[in-house]
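A short worksheet on the structure shown next.
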Amino acid sequence: MLREIIEIDEEKCDGCGVCVPACAEGALQIIDGKARLISDLFCDGLGACIQECPQDAITIVKREAEPYDEIKVIENMIIAGENTMVAHLRHLHEHNEIELLSQALEFLSEKGISIEPEKIYSKKEKACACAGSPVVDFREIEETNEVGSRTSYLSHWPVQLHLLSPNAPQYKGSNLLLTADCVPFAYADYHKDFLKDKTLAIACPKLDSNQLVYMDKLTALIGSAGVQSITVMIMEVPCCSGLFRLAKAAVDYSGTNVPLKVIVIGIDGKVRKN
């Protein structure tokens, strides 16, 4: 596949090794006096090693490469030890790689390995292992001279995932916007920027009960209703990633190629990943 991946200029590289510990995936080693990318599978293309190289020998290029494999990386991290594994998980979190972090944590859970949340997330985020729990006063409201009313782009009802019917005509062949409950409160232009021309389903992956029903509903929306795409909008807090995992599991279970996209909103109301 064509993707972004690092490239090392051997003429510039002096084999100092500073880049090796900077790579949280263990993709770099010093071999024959030069830094080498040992496997495409281990390089996520985020380039954390670039800023550490004193010789400016590392760049990001786009080329044919094997796809990055999070499971193989985390297996390697388990062998390397907890400190290396935690550094990798923190790296994913800091780069807002919600899907990859979810894959890693789910795999570790299956292996019976538990990582304390405070080792991955900052103290500000970790209360009760949920970044949404602490009280945070993070900004002053900037007054604007808005006049008139905003347009609502909500086209149907109900929208709560427990209550909606996948057989409702509005979902047939639509583009679904699956949204965590808190998102529209955090992002001011939610309707205009994201809801327009989409059908809506809302859910909370942390507080809602009986999420097996959610899985059934999403599978039916993909199979019976034939939704054309699913956009998942979540907050940057760790517990919110569960909604994306549900959607991905539903797509995988359906055996279809429905496009799946995740948009992450910060608690300050800014888009973290789009």
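Observations, loosely collected:
- Filter result for the condition that a residue is at pLDDT 70 or above, under 22 Å from Lys72 (Cβ atoms) and in contact with a Cys (Cβ under 9 Å, 6 or more places away or on another chain), over Ile98, Ile113: Ile98
- Helices (runs of 4 or more DSSP H) (entirely within region 162-274) containing at least 1 residues that are modelled with pLDDT under 90, in the same structural domain as Leu105 (by TED's automatic domain parsing) and more than 17 Å from the chain's Cα centre (by Cα): none
- The set of residues from region 80-107 being within 21 Å of Ala247 (Cβ to Cβ) and either assigned to a helix (DSSP H, G or I) or in the same structural domain as Val237 (by TED's automatic domain parsing) (or both) comprises Leu92, His93, Ile98, Glu99, Leu100, Leu101, Ser102, Gln103, Ala104, Leu105, Glu106, Phe107.
- Close pairs (9 angstrom Cβ cut-off, 6 or more residues apart or separate chains): within 16 Å of Met1 (Cα to Cα) in region 42-67, among the aromatic types (Phe, Trp, Tyr) anywhere: Phe42/Tyr68; Cys43/Tyr68; Asp44/Tyr68; Gly45/Tyr68
- Tally of residues being crowded, with 17+ Cβ neighbours inside 10 Å and more than 15 Å from Ser152 (Cβ to Cβ) across region 171-185: 8
- Residues that are under 17 Å from Ala250 (Cα atoms) and of a type in the set (Gly, Ala, Ser) were ranked within region 207-224; the one that is surrounded by the fewest Cβ atoms within 10 Å (Cβ to Cβ) is Ser224.
- Subset of region 186-206 [surrounded by fewer than 18 Cβ atoms within 10 Å (Cβ to Cβ) and among the small types (Gly, Ala, Ser)]: Ala186, Ala188
The values are calculated or read from the model by the stated rules, or taken from the named source; none is laboratory data. Given the structure is predicted, the values throughout are model-derived calculations rather than measurements. Positions of Cβ are generated from backbone atoms using ideal geometry, with glycine treated the same way; all protein chains shown enter the neighbour counts.
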